[in-house]
Protein chains: 2
Amino acid sequence: MTIETQIVDIATAAGNAAKIMAAVPRKQKDAALTAMAGRLKKNTDTIRKENAKDVAAARENGLSFAMIDRLTITDTTITAMAEGLTYVAGLNDPVGTLSDSSIRPNGLETARMRIPLGVIGIIYESRPNVTVDAAGLCLKAGNAVILRGGSEALHSNMALAQIIAQGLADAGLPAAAAQVIPMRDREAVDILLKQEALVDLIIPRGGEGLIRHVVAHSSIPVLKHYKGVCHAYVDDTADLDMAVSICVNAKAQRPGVCNALETLLVHETIAPDFLPKIHHAMTQANVSLRGCEASCRILKHIQPATQEDWPAEYLDLILAVRVVPDMNAAMAHIAEYGSNHTEAIITTDYANARRFVREVDASLVIVNASTRFNDGGELGLGAEIGISTSKLHAYGPMGIRELTTTKFVAWGSGQIRN
Amino acid sequence: MTIETQIVDIATAAGNAAKIMAAVPRKQKDAALTAMAGRLKKNTDTIRKENAKDVAAARENGLSFAMIDRLTITDTTITAMAEGLTYVAGLNDPVGTLSDSSIRPNGLETARMRIPLGVIGIIYESRPNVTVDAAGLCLKAGNAVILRGGSEALHSNMALAQIIAQGLADAGLPAAAAQVIPMRDREAVDILLKQEALVDLIIPRGGEGLIRHVVAHSSIPVLKHYKGVCHAYVDDTADLDMAVSICVNAKAQRPGVCNALETLLVHETIAPDFLPKIHHAMTQANVSLRGCEASCRILKHIQPATQEDWPAEYLDLILAVRVVPDMNAAMAHIAEYGSNHTEAIITTDYANARRFVREVDASLVIVNASTRFNDGGELGLGAEIGISTSKLHAYGPMGIRELTTTKFVAWGSGQIRN
């Protein structure tokens, strides 16, 4: 059997399973997720044994410490996966719910009914917990899911896939509703990306290289973000202590993630007062600054920023700093270098807050709080499957609802059109 | 200047105009639409003179009567375009409105704010009124629009483009917010479809050939429907007189449109009673039937259907008829041959109505009413820019709201993440 035949078979089976999943009541989907959680905890040894094979191979192949760390499944990881499934089982099921109901002048009753998308392909890198987390969300939303993790995690992912399949079977659901692609070949991804007749959506999760590859090769709609170059603009009216607290949190609380702060924009009026404060606080948090000319005049010992710093996603304990003449200049900087991910303003001015929120184009625009809040859990969506900076369909964190769409429904009593 | 340079210039100018349009208050957008409506009525002679050039060329080139009819602008067409703009000016502006507001446990106030998509490309065939109708909707939603009509309508479209640009200028808005591609070259379309860095959405409107070409060549997301193969299923519990009235309306009221009925599915229990009734009514409406074997046993003189009839979009006074053993078989037929456009059930049974609505996958599923109601105006969206059978972003008629998306906004008082 060629790789192409295998992928088409997987996608076809997923399509058939999706038709069943679309009409399944919530109880049955929740039972499957709960069964998976139970089986995860019961099979800790098997999972860790399979994972150990991947970790050993990764060590032999000289993978970096960070990559091996991401690849390793511990008892804590397994507990977290099981708890994640239980949490998703407890979330409301959007499928079949009605919204935007209206009664037309002719008496026709119309509404939008939420329905699953169908078949979702998830393409991701090393972390094997994505296999379980993504499957749980896609299944809860009534979809079938095809999972393609990093080739270095194949043993781990196949072990998790078996547990997911058994959980589906426990609840009387088709195992083909969640399938892991059982081969390492890179070709498999590109073949999957061309199955637009069978797959409804692709969500890539990983580094910018992976995502650019998926977008370039997919004939299926892709929801993605390339990177997060997030800014905080400290207005001349800002509460400076609040600004320090927010910026340090946004930068240093977890520097390696996409909603971490990368560039700080400071109104020139408060720069002489604010920059020394933020420099002191950032230094204590082990963050080093790279400043524009004006910043370097105030903070004599920091490294000067170059043109490359403005579009940089450091994902590290480094922060670019730029002094701006006013909010217009801050907004122009964000429009030029931002990534439509997360943008914050710290201000006490009503008009500035409103204008910044209205005019800045980013998946989250936030006033007087940390950029780190761009997260499905923090914004009240429950669990999230990722953050989209694509504007169509979903812009921002994607929860269960973003894994569904709506169709129109109408109830009549014999209406015909004139 | 090469065609590519021209298209990139148009798209770049559209992008800059989109940034301005996104922040413009409703009053100014409505003023532009109203100014365009006034200018349309004042420039009837110019428009008709330019249109006459297109019509004369079309006659010389031997275009069909139907095509020339679609191309021709009459005083009535101009009045309808002007009234359409005035109607859209009267619709609510979704931009800046908030939904899904919540207060998080830490006091952060979150919501989704509706924002324009950005730059929208509309690719359509002969009718020049699309130029005005589509521009009006896109502009009202705060977008910039690039219009590419049929090459046979270029004089007409350029005349309309000038009026639109003047209307924008009257209201102090950038003329580049609505541009017609000023050349006939087919290459221009394919170049436009590759401007994914500048254009956010493509909406093709026309025959299946045009739409397939656009989908195959676009690197920009496309919202489209290929065709409408719409079914009505007459359940064994149906009110047969209601079923006749609905089916005749769905088939014959305007047979050339995508929400017209193409195949009738009849429960076998009522077929002997219902088929003669519907045959009589359809014959009176000049509709000829093509029947399955069982239908032909009851209606001896109708043409037998072949395998090609089931997926056919006739767009004509022809109706395929199939007798089915039960609703399951009807739903299986729809799943196999339907186009996810519009599906109707005529029934008096509560459980069947609910199950059909829930399980049939179409942009509108309708009970006891005509398929012709799949239309933005009829479903309460105001004017529509087309119907989507793409599931992502919009599924069904697309009104102003479907030309926008939402971003997350959050108001804090110093919240940081733990």
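With its label point defined 7 Å out from Cα along the Cα-to-Cβ axis, B:T2 lies at 3.5 nm from the matching points of the other copies, in increasing order. How tilted is helix B:44-60 with respect to the longest principal axis of chain B? Cα atoms for both, answer in degrees (0 to 90, nearest 10). It works out to around 60 degrees. Rounded to the nearest 0.05, what FRET efficiency do B:E60 and A:A57 give with R0 = 60 Å and r taken as the Cβ-Cβ distance? Could you check? With R0 = 60 Å, the Cβ-Cβ based efficiency is 0.25.
Note on A:Y350/A:T269: beta-carbon distance plugged into 1/(1 + (r/R0)^6) with R0 of 22 Å gives a FRET efficiency of 0.75.
Under a point-charge model restricted to the Cβ atoms of Lys and Arg (+1) and Asp and Glu (-1), what is the dipole moment magnitude of chain A relative to its Cα centre, in debye to the nearest 20?
Using only the charged Cβ atoms, the result is roughly 1140 debye.
Can you give the charge dipole size of the protein assembly as shown about its Cα centre, rounded to the nearest 20 debye, using +1 on the beta carbon of Lys and Arg and -1 on the beta carbon of Asp and Glu? Please report the intermediate quantities before stating the final value.
Details: 80 positive and 90 negative charges, 110 e Å.
Dipole size: approximately 520 debye.
Residues considered: B:E109, B:E343, B:E208. Largest GNM mean-square fluctuation over chain B, using C-alpha springs under 10 Å, is found at B:E109.
Cα gyration tensor of segment B:63-189, axes a ≥ b ≥ c as square roots of the eigenvalues: rounded (a/c below 1.5), prolate (a/b > b/c) or oblate?
Numbers: a/c = 2.54, a/b = 2.21, b/c = 1.15.
Here segment B:63-189 falls in the prolate category.
In this simple spin-label approximation, A:R358 and A:M158 carry label points 7 Å from Cα along the Cα→Cβ vector, and these lie 5.8 nm apart. Answer rounded, prolate or oblate for segment B:230-376, using the Cα gyration tensor with square roots of eigenvalues a ≥ b ≥ c: rounded when a/c is under 1.5, else prolate when a/b is larger than b/c, else oblate. Taking the square roots of the gyration eigenvalues as a ≥ b ≥ c, segment B:230-376 is rounded.
The mean count of C-beta atoms from other chains within 10 Å of the C-beta of residues in A:397-410, rounded to a whole number, is 5. Working note: 222 nm ellipticity from helices only, DSSP H runs with n ≥ 4, each -39,500 (n - 2.57), summed and divided by the residues of the protein assembly as shown, gives -13000 deg cm²/dmol to the nearest 500.
Using a simple charge model, +1 on the beta-carbon of Lys and Arg, -1 on the beta-carbon of Asp and Glu, nothing else, what dipole does segment A:313-418 show about its Cα centre, in debye to the nearest 20?
Working: 9 positive and 12 negative charges, 125 e Å.
In debye, rounded to 20, segment A:313-418 gives about 600.
Distances, shortest first, from the label point of A:L317 to those at the same position in the other copies read 8.2 nm; the point lies 7 Å along Cα to C-beta.
In straight-distance terms, cross-link reach from B:K41 covers every one of the lysines whose alpha-carbon lies under 22 Å from its own, apart from those fewer than eight places away in the same chain; here that gives B:K27, B:K29, B:K49, B:K53, B:K140. With each label modelled as a point 7 angstrom along the Cα→C-beta vector, the B:N16-B:S102 pair spans 4.2 nm. Net charge in the neighbourhood of B:D241 (other residues with Cβ under 15 Å of its Cβ; Lys, Arg +1, Asp, Glu -1) is -2. Descending by average beta-carbon neighbour count within 10 Å, the peptides A:353-366, A:222-235, A:134-147, A:35-48 line up as A:134-147, A:222-235, A:353-366, A:35-48, the highest first.
Under 19 Å of direct C-alpha separation, and excluding same-chain neighbours fewer than eight residues apart, B:K42 reaches these aspartates and glutamates: B:D30, B:E50, B:D75, B:E83, B:D133, B:D170. Principal-axis analysis of the Cα atoms of chain B puts helix B:208-217 at an angle of about 50° to the longest axis. Chain A comes nearest to the axis taking it onto chain B at the Cβ of one residue; that residue and its distance, in whole Å, are A:H393, 2. Fully extending the segment from B:M1 to B:R26 would add 5.3 nm, taking 0.36 nm per residue of separation and subtracting the current Cα-Cα distance. The label point for A:M183 and the one for B:A80, both projected 7 Å from the Cα toward the Cβ, are 5.4 nm apart.
Every read-out reported here was derived from the displayed coordinates using simple, explicitly stated rules and does not represent laboratory data. All values derive from a computational prediction rather than experimental measurement. Neighbour counts are summed over all protein chains in view; Cβ atoms, including those assigned to glycine, are modelled from backbone coordinates with ideal geometry.
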